[in-house]
2 protein chains.
Amino acid sequence: MRENCSEASFECFRVSQVTCEGKYKQSDVPRQLVYGTMVYVRQTIVADASCALSRAVCIATRYSAVRRQFGSQNGGPETQVIDYKTQQSRLFPLLASAYAFRFIGEWLKWLYADVTQRLQANDFSTLPEAHACTAGLKSLTTTATADGIEECRKLCGGHGYLCSSGLPELFAVYVPACTYEGDNTVLLLQVRDMSCKVSHEDCFSAGVQQETSRYNSLYDSSRAFNAMSLRCSKSALLEAFEARAARMSVACAQNLSNFDNPEEGFAELSVDLVEAAVAHCQLIVVSKFIEKLQQEIPGKGVKQQLEVLCNIYALFLLHKHQGDFLSTGCITPKHAALANDELRSLYSQVRPNAIALVDAFNYTDHYLGSILGCYDGNVYPKLYEAAWKDPLNESVVPDGYHQYIRPLLKQEIRTARL
Amino acid sequence: MRENCSEASFECFRVSQVTCEGKYKQSDVPRQLVYGTMVYVRQTIVADASCALSRAVCIATRYSAVRRQFGSQNGGPETQVIDYKTQQSRLFPLLASAYAFRFIGEWLKWLYADVTQRLQANDFSTLPEAHACTAGLKSLTTTATADGIEECRKLCGGHGYLCSSGLPELFAVYVPACTYEGDNTVLLLQVRDMSCKVSHEDCFSAGVQQETSRYNSLYDSSRAFNAMSLRCSKSALLEAFEARAARMSVACAQNLSNFDNPEEGFAELSVDLVEAAVAHCQLIVVSKFIEKLQQEIPGKGVKQQLEVLCNIYALFLLHKHQGDFLSTGCITPKHAALANDELRSLYSQVRPNAIALVDAFNYTDHYLGSILGCYDGNVYPKLYEAAWKDPLNESVVPDGYHQYIRPLLKQEIRTARL
């Protein structure tokens, strides 16, 4: 556990011993056991990611519906900014991510319970993979969440910079999650250590991730996927993600085999390994989102909306990483263009329910702590009230203006008391 | 000027009139003139971007050379984190960007002077293109700089989160540049309005951007570029960037022509237009970097290092946006892989001079305001000193611990005074 030597050794002490002479004595308990706590902590971090991202998305979505700018016709009201395609293309994938991370958080919770149960029966077989999985998903979700909160702030325009928007503090408090409990880049290298072992040595048989074992069928395939099916069928989409992850992984393994010294190869190709790990983790999130939708979901029309969000999440990733999909031959440029058209149409489908989908997070105004994201949408009077609370507004001319600032502005600097 | 109606109308007032009856009277001065000030302000913002990014890069590069982690062999010192390929792949493109933005800032300064001179001779011909150019480059450089500062903070690990690293404040003070003087996304739409006019109507003949007029030769070409030449020759690289920008622009124009109502088409395809605008602006930065290197550059070996940085900048963008290059057929997957290998080798070439390249910015420790980035590299004793200045460290046990925190921890909450 390179990035976590301090945590790992601390954990070790619970099962190992130090003699009275100060000598360290390794215990008989398998080393893997010490990873159990890490798995627990990281799955908690993934659950928190969904929570933080959904707060930011709730604020940005509500304010995007309140805020109007440009596009007035015949003196009518201006356009709600949520109706601009550029706004939708930045906001709705984050909304979809907030839901995706919630489901992956639930799955990791199940995974941890499963691993714990197996450990009690002295079955350590799934622990390494569970460890790699939580490491990768911690990295993926915290990076996306930190970036997503900042993007939500920008989506609120100048008002997002206000303290009373709630977003600057949310970002500042959240962003260390990218660094603590394992730096996000280093964690991805661990996923890849694991995944390359799988694809390179083929030594892996059963495991918690069905994806891993399905890789074999996707290795040598050079066929691209049917364009129309990418648009209509989740299984075609999933297969494209599987093929991309598998082929990137195989390409890494092949390049690694050109090095005499494997350690040197890992160091030299670490950037490619990180990219392959991201592909692998995105596959897991997409597949678990799709699995979730195969279950029964209560509430009329809810499942339908989640289907739209699931497609947005997958197609947004496909567009963002189309270089991966194209270079591995998983899709053709024609598919990429069709996927893009489909994405645009999905944004229109989610638009009428966007507010309901963030209301569904069920956050109180007190918890959100954001004037821009208040439930009743009565933003501007509340902003005005909040501005009065700024100490700078206690007097018409702020303290120090006549003494310090005015002389500077009037270039009377020599006689100023500065 | 949709996003800047307030600024534009303010500017208008200098040349327009309001009568005593309160009636607005348009002046005879061409409307374009009011954009002159915007061009000036935005070119200043581009110059500032290079300054802010180079500060962050200076801090992160110096600290990456000081900080050692893992990789100790036979009890020797651990590896400097700057020697990890993952660190290099995140840090060195930012170093290259800091230089690229400096050169594009110089060019924009020249462009503004040129436009001003023409305006005095009543020549308004280049103003619209200069306006689109500065709008796009303001967007490109401020987005990259804000993201880059935050990336530099992450590259410093947990210590980057410290106030004394200087990076959190640098980010907080810089990031509004993405929103003020024209929101970055809206600005890109203006570039595209302009560029689509060019490629769609072909009405454009001469202008300040030679790139624009060269588009014609790249329109219908379906050939990809020679893989080896991409690695060795700047002109091949430049041509790939030109072809990508041209083909994305043409694709947009073709898709737009499917709409009966052009306004509706622009709204519907705005996301694609933004991506095409980014491609166009990146082309400008790459081409001006290459132009700079055709001039004489004093100092032994300096030009050689700048050549390496120029290649890193271009190939990093090519890798990051390989989806664009692949889907437009400008490169093949084989080229993409070769470009990636080349990038890795360039990182090794820049590594020995990385510190010199940030020292060259010539920032004093006082100006940098960062313990992690101090010139003498004596980071840890200085961090310790700074920690003593934290009011929390004035006493061994901070105020309030016994009163409030301990009871919570010891679950004596009922008897606590909270």
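The values are calculated or read from the model by the stated rules, or taken from the named source; none is laboratory data. None of these values were measured; they are calculated from a predicted model. Ideal geometry is used to build each Cβ from the backbone, glycine not excepted, and the neighbour counts take in all protein chains shown.
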Exercise for the section: Run down A:Asp48, A:Asp114, A:Asp123 and say which single residue is assigned to a helix (DSSP H, G or I) and modelled with pLDDT under 95. Expected result: A:Asp114
Practice task
Quick one: which helices (runs of 4 or more DSSP H) lie wholly within the range B:337-418 and hold at least 1 residues that are at pLDDT below 90 and surrounded by 12 or more Cβ atoms within 10 Å (Cβ to Cβ)?
Solution key: B:406-409
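Yes/no matrix, rows are residues, columns are (1) more than 21 Å from B:Arg351 (Cα to Cα); (2) aromatic (Phe, Trp, Tyr); (3) touching a residue at least 60 places away in the same chain (Cβ under 8 Å):
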| residue | (1), (2), (3) |
| --- | --- |
| A:Ala253 | yes, no, no |
| A:Leu269 | no, no, no |
| A:Ala277 | yes, no, yes |
| A:Cys281 | yes, no, yes |
| A:Lys288 | yes, no, yes |
| A:Lys292 | yes, no, yes |
Handout entry: Cβ pairs under 7 Å, 6+ apart, first in the range B:357-368 and under 26 Å from B:Lys300 (Cα atoms), second surrounded by 19 or more Cβ atoms within 10 Å (Cβ to Cβ) and of a type in the set (Gly, Ala, Ser)
Key = B:Phe361/B:Ser54
Exercise for the section: Quick one: which residue in B:Val191, B:Val175, B:Val186 is under 18 Å from the mean Cα position of the chain (by Cα), at pLDDT below 95 and within 9 Å of another protein chain (Cβ to nearest Cβ)? Expected result: B:Val186
Problem - Residues (closer than 12 Å to B:Thr134 by Cβ and among the aliphatic types (A, V, I, L, M)) located in the range B:85-114 - result: B:Ile104, B:Leu108, B:Leu111
Problem - Any hit, the range A:334-350, residues being in contact with a helix residue (DSSP H, G or I) (Cβ under 9 Å, 6 or more places away or on another chain) and among the aromatic types (Phe, Trp, Tyr) - result: yes
Handout entry: Answer residue from the range A:60-89, given it is hydroxyl-bearing (Ser, Thr, Tyr) and in contact (Cβ under 8 Å) with a residue 40 or more places away in the chain and is nearest to the other protein chains (Cβ to nearest Cβ) among those
Key = A:Ser89
Practice task
Determine if the range A:275-286 includes at least one residue that is of a type in the set (S, T, N, Q) and either outside the structural domain of A:Glu106 (by TED's automatic domain parsing) or more than 20 Å from the chain's Cα centre (by Cα) (or both).
Solution key: no
Handout entry: Within the range A:272-322, tally of residues that are within 14 Å of chain B (Cβ to nearest Cβ), part of a helix (DSSP H, G or I), closer than 21 Å to A:Phe92 by Cβ and of a type outside the set (A, V, I, L, M)
Key = 4
Problem - In the range B:137-163, the residues that are surrounded by 24 or more Cβ atoms within 10 Å (Cβ to Cβ) and among the charged types (D, E, K, R) - result: B:Lys138, B:Glu150, B:Arg153
Exercise for the section: Specify the residue that is farthest from B:Arg244 (Cα to Cα); the eligible residues are those in the range A:323-334 that are at the interface with chain B (Cβ under 9 Å from one of its Cβ atoms) and buried (at least 20 other Cβ atoms within 10 Å of the Cβ). Expected result: A:Thr328
Completion exercise
Of (1) within 11 Å of another protein chain (Cβ to nearest Cβ); (2) at positive phi, A:Ala337 fails just (2)
Practice task
Among what's in the range A:112-170 and is polar (S, T, N, Q) and under 21 Å from A:Lys288 (Cα atoms), pick the residue that is nearest to the other protein chains (Cβ to nearest Cβ).
Solution key: A:Thr143
Exercise for the section: Return only the number of the condition from (1) over 30 Å from B:Val250 (Cβ atoms); (2) assigned by TED's automatic domain parsing to the domain that holds B:Ala96; (3) over 20 Å from the mean Cα position of the chain (by Cα) that B:Leu309 does not satisfy. Expected result: (3)
